[in-house]
Amino acid sequence: MLTYTITIVAVCICIALILNLWRLMVGPTVSDRILALDTMYINAIALILLYGIYANTALYFEAALLIAMLGFVSTAALCKYLLRGDIIE
């Protein structure tokens with residue numbers, strides 16, 4: 001039963017990733033594109049966590065944590081670049 005649930009949720013997250021990719025490509029403003037990229041990080045983390053539950057290993061949870069940290073730092077850097085035009089002061 002858990003296998004079917006994980007499959008259904010993974011399909012829903014993949015649909016969300018495709019819609020985020022569409023918003024990333026077509027977004028009317030730069031801030032919409034940054035928000036779509038940040039949401040794609042979150043959806044990718046969810047997929048990795050689902051696969052970790054499916055495979056019953058803790059390795060994927062650590063990988064999801066690393067991707068979450070990199071996603072946060074990159075989103076903060078992109079927002080700072082958008083606001084000021086320079087990342088390092």
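Taking the criterion of being under 12 Å from the mean Cα position of the chain (by Cα) and farther than 15 Å from Leu66 by Cβ, the residues of segment 25-45 that qualify are Ile34, Leu35, Ala36, Leu37, Asp38, Thr39, Met40, Asn43.
Taking the stated definitions as given, is Ala44 in contact (Cβ under 8 Å) with a residue 24 or more places away in the chain, part of a helix (DSSP H, G or I) and out of contact with any Cys (no Cβ under 9 Å at 6 or more places or on another chain)? Against the criterion (in contact (Cβ under 8 Å) with a residue 24 or more places away in the chain, part of a helix (DSSP H, G or I) and out of contact with any Cys (no Cβ under 9 Å at 6 or more places or on another chain)), Ala44 qualifies. The residues of segment 52-69 that are in contact (Cβ under 8 Å) with a residue 24 or more places away in the chain and closer than 17 Å to Leu17 by Cβ, listed by number, are Ile67, Ala68.
For segment 7-23, does any single residue satisfy the condition of being assigned to a helix (DSSP H, G or I) and over 16 Å from the mean Cα position of the chain (by Cα)? For segment 7-23, residues assigned to a helix (DSSP H, G or I) and over 16 Å from the mean Cα position of the chain (by Cα): present. Are any of the residues in segment 56-63 of a type outside the set (Gly, Ala, Ser), touching a helix residue (DSSP H, G or I) at 6+ places or on another chain (Cβ under 6 Å) and either at pLDDT 90 or above or buried (at least 16 other Cβ atoms within 10 Å of the Cβ) (or both)? Looking for residues that are of a type outside the set (Gly, Ala, Ser), touching a helix residue (DSSP H, G or I) at 6+ places or on another chain (Cβ under 6 Å) and either at pLDDT 90 or above or buried (at least 16 other Cβ atoms within 10 Å of the Cβ) (or both), one finds at least one in segment 56-63, hence yes.
With respect to being more than 16 Å from the chain's Cα centre (by Cα), over 24 Å from Ile15 (Cα atoms), part of a helix (DSSP H, G or I) and modelled with pLDDT under 90, Leu78 falls outside the description.
Within segment 7-37, can you find the residues that are β-branched (Val, Ile, Thr), surrounded by 14 or more Cβ atoms within 10 Å (Cβ to Cβ) and modelled with pLDDT under 95? The answer is Ile34, and nothing else.
The values are calculated or read from the model by the stated rules, or taken from the named source; none is laboratory data. Note that this is a predicted model, so its numbers are computed, not measured. FYI the Cβ positions are ideal-geometry reconstructions off the backbone, even for glycines, and counts take in every protein chain you see.
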